[in-house]
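Enquirer: Encoded as C-alpha cells, here's the structure I'll be asking about.
Bear in mind these aren't lab numbers, they're just calculated from the coordinates by the rules spelled out. Since this is a predicted model, take the numbers as computed values, not measurements. Cβ placement follows ideal geometry from the backbone for every residue including glycine, while neighbour counts extend to all protein chains displayed.
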Amino acid sequence: MNLDFSQIVPYIPFILEGIWATLKFVSVSILMGFILGTLLSLCKITKTPLLKWLADAYTSIFRGTPLILQLMIIYYAVPQLTGYDISAFLSAVLAFGLNSAAYISEIIRGGILAVDKGQTEAAEALGVPYKPMMLNIILPQAFKNILPAMMNEFITLTKESALVSTIGYLDIMRRAQVVGSDLYRNFEPLLFAGLIYWVIVYILTSVGRLVERRLRQSD
C-alpha cells in the first residue's frame, strides 16, 4: 500500500483550523433552527388553519428535498436573483438553519404533545393566557423531554456539515481536499479528516448521554 502519513504532518494545523470553522457555522445554524423550529411547532399546534398549513408546507418542502440542493440554491440562486454576492458562510448558515428548523419543529411539536394535557387544562381553568401558559408551563417541560433528540440533531448536523465543502467553505472536509490536491495524495488527508469528525461526534455523543443521564436522575 502506497501510504505516507508523514507528508500531511506540516498540514495538520491547517486542517485543524477547520474544526472552528465547522463548529462556528453549525452552532449558528442549530440556534437559528431552534428559534425558527419553535415558532413552526407552535404554528403546527395552533387552531389557526392558515398558520398550520404554512408550517406543514414549510416542513414538507425542507424535509422532502436534499440538503445539498437547498445549499446550492441559496449559494448560486441568491446572487442571480438579487445581485447580492452571498458568502459561503452565510449560505451554509441559512441552508443548514432552515433545513434544521423543519426537523426541530417536529421534535418540539412531539415534546409539546407529550406534556400531560392536564397541565393545559389546569392553566386554562386558572385563566392563564395562552402565551404565558406556553412560555412558562408547557415549553419548559417539553424542552426537558426533547433535549436528547436535540443533541442528536446537533450531531447529525455536524456530520452533514461536510456538504459545505461543495461551495468552497473552508471547513474540515474542504481543507482536507485542499491538502490532497496540493500533495496529489487524497487518502491520508481524508482519513485524518474522518478521524476529526469521529472525535467531534464521539465528544458530542458523550455529552448527550451525560445530559440524558442527568435528566433521568432529576425526574
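Enquirer: Using per-residue counts of other Cβ atoms within 10 Å, averaged over each peptide, order 66-75, 102-111 from highest down. Don't skip to the answer; put the middle values down first.
Expert: On the way: 66-75: 16.6, 102-111: 21.5.
Those peptides, ordered most packed to least, come out 102-111, 66-75.
Enquirer: Considering the dipole of the chain built from charges on the beta carbon (Lys and Arg +1, Asp and Glu -1) around the Cα centre, which of Pro10, Phe187, Ser27 is farthest to its positive end?
Expert: Final value for the positive-end residue is Ser27.
Enquirer: Mind giving me the nanometre distance, one decimal, between the label points for Ala125 and Asn186, set 7 Å out from Cα along Cα→Cβ?
Expert: Going by the 7 Å Cα→Cβ label model, 6.6 nm.
Enquirer: Further question on the same structure: Using only the alpha-carbon atoms, how far is helix 88-114 inclined from the longest principal axis of the chain? Give it as 0 to 90 degrees, nearest 10.
Expert: The angle comes out at about 30 degrees.
Enquirer: Can you tell me the 0 to 90 degree angle between the C-alpha axis of helix 49-64 and the longest principal axis of the chain, rounded to 10?
Expert: The two axes meet at around 20 degrees.
Enquirer: Once fully extended, how much extra length lies between Lys117 and Lys159, figured as 0.36 nm per residue of separation less the alpha-carbon to alpha-carbon distance?
Expert: So the extension gain works out to 11.5 nm.
Enquirer: Taking the Cα centre of each part, how many Å lie between the stretch 81-157 and the stretch 1-54?
Expert: 16
Enquirer: Do any of Lys47/Lys131; Lys52/Lys144; Lys117/Lys144; Lys24/Lys144; Lys44/Lys159; Lys52/Lys131 go past 21 Å between their Cα atoms, and which?
Expert: Distance filter (> 21 Å) returns Lys52/Lys144; Lys24/Lys144; Lys44/Lys159.
Enquirer: Quickly estimate the mean residue ellipticity at 222 nm for the chain, helices only: each DSSP H run with n ≥ 4 gives -39500 (n - 2.57), and the total goes over all residues, rounded to 500.
Expert: -25500 deg cm²/dmol
Enquirer: I need to check one value: relative contact order of the chain, counting alpha carbon pairs closer than 8 Å and at least 6 residues apart, in percent. Before the final figure, lay out the partial values.
Expert: Numbers: 225 pairs, mean separation 61.4, N = 219.
28 percent.
Enquirer: Per 5 Å bin, what is the whole-percent P(r) computed from every C-alpha pair distance within the chain?
Expert: 1, 7, 12, 14, 15, 14, 12, 9, 6, 4, 3, 1, 1, 0, 0
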